Each structure stands twice: as C-alpha cells, then as structure tokens.
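A quick write-up on the structure given underneath.
The values are calculated or read from the model by the stated rules, or taken from the named source; none is laboratory data. Predicted model only: the values in this text are computed from it and were never measured. Methodologically, a virtual Cβ is constructed for each residue, glycine included, from the backbone with ideal geometry; neighbour enumeration extends over all protein chains shown.
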Amino acid sequence: MTPRIVDKEAKRKQILEAALSVFARKGIHDFRMIEIAKAANVGKGTLYEYFPSKDELIVGCFSLFMSRFNHHVTNQLSGVTDPVEKIKKLISATFEFYLTDRALFDTIFDFYAAGIPHRDGKSLLTELTPMYTDMIEWVSVVIDDGVSQGLFRPTDSKVAASSILALLDGLFFQLALGVISVDSVDYANRISSNLLNGFLDRTNVNP
C-alpha cells in the first residue's frame, strides 16, 4: 500500500483558517486548543505537531491575516502608477478589506494586545516586524516618487509613511471601540482627501 502523502503547508493553512474562524467568533483570550482541532477537523496531536503552543498558533494566524491583507491591497493596486492614486487606493483597499469581514478584522486588535511585549521584552509580534517594516518602505517609496514628480511637497518619506500607517491603525482602533462606524468606502475617500491635503503640492495637483 502506498503511504498517504500529507501536504504539510496545506494542512498548516487548514488549521490556521479554522483558528481564524474561531477567533473571529470568540476572540483569542479564552480559546482552547481542542476547539481549534475540532474546527480544523484534525486530532489534537496533529494540531500540536504543527503548533506546539497557543502563542505559535496566534502568531501563525496573525501572519495569515496579514498575508491576506497584503494580497488584497496588492491586487487593488495592480496597474496603478500615479503616486497620488496609489495612496488613495491603499486607503480605500484597506477599508474594503475591513468591510468584507468586520468580525475578523476586529480580531486584529486581539492579536496586537496579545503581542504587547512582556516585562522580559518578549513579544508574539517580533517575527512580524519585517512585514510592517516592508509596508513602511513601500509607502515611503511611493511618497519619494510623488516628490520627485513634483506632486508632493518635499518631506521625510519614512516619517510620512509611518504617519499614514499609524493613521490607519488609529482609525481601526476607533472602529473596534465603536467610536466611529464605516458602512462604505466613501469614508476612505474622505480620509484620503484630508490626508493628501498635507502632502500635495497644490501648484501641480488637486486632491
């Protein structure tokens, strides 16, 4: 009999998808590993083979979530070359992603909370720092491109990129708290207009 070949990457993703569905439903603070195993239709032993601890499972889910987000944004930005439109599209694509699955997006703040560094300096999110650094780098390149074309006023692109991403983080934190509500991407358009007012060289372009 030929032994069954297991696609480990597919199995890992199957477990992570199941975990995300559980987290979206009840958060990440009180879940049990057996719940994840049942949702993924695998044995508890198999679950621990792929994720020996809750922390590793949480980090894996955060990574999958961010991979989904990056894929969505990349697709939305495909073919966009104008720096101004890239910033607008980045913001609208982010809100579109939120609107597709609000419960899952809200879970991101559970991940952030779980990843806050402990007193010993350890953090669940340490492995994900490069992903965020890449996003800052991408936005800073767009801003530099806009400056070189005379569309944006001269500015420190790294600071500007960090500020844009911090703005989005803050907005979604307010959404999670219920301070603001968003029902359409029209809100994103208003955000991008307000944001770009601070960057645009008005002698060359209008928001």
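Within region 2-34, how many residues are more than 25 Å from the chain's Cα centre (by Cα) and either modelled with pLDDT of 85 or more or on the phi > 0 side of the Ramachandran plot (or both)? Number of matching residues: 1.
Residue-by-condition table, conditions (1) surrounded by 11 or more Cβ atoms within 10 Å (Cβ to Cβ); (2) of a type in the set (Ser, Thr, Tyr); (3) at pLDDT 90 or above; (4) in a helix (DSSP H, G or I):
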| residue | (1), (2), (3), (4) |
| --- | --- |
| 89 | yes, no, yes, yes |
| 97 | yes, no, no, yes |
| 137 | yes, no, yes, yes |
| 155 | yes, yes, yes, no |
| 165 | yes, no, yes, yes |
| 175 | yes, no, no, yes |
| 179 | no, no, no, no |
| 188 | yes, no, no, yes |
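Pick from region 28-67 the residues that are part of a loop (DSSP other than H, G, I, E, B) and charged (D, E, K, R): which of them is surrounded by the fewest Cβ atoms within 10 Å (Cβ to Cβ)? The selected residue is 30. Among the residues of region 68-84, those identified as surrounded by 15 or more Cβ atoms within 10 Å (Cβ to Cβ), over 14 Å from the mean Cα position of the chain (by Cα) and either of a type in the set (Phe, Trp, Tyr) or assigned to a helix (DSSP H, G or I) (or both) are 76, 77, 83, 84.
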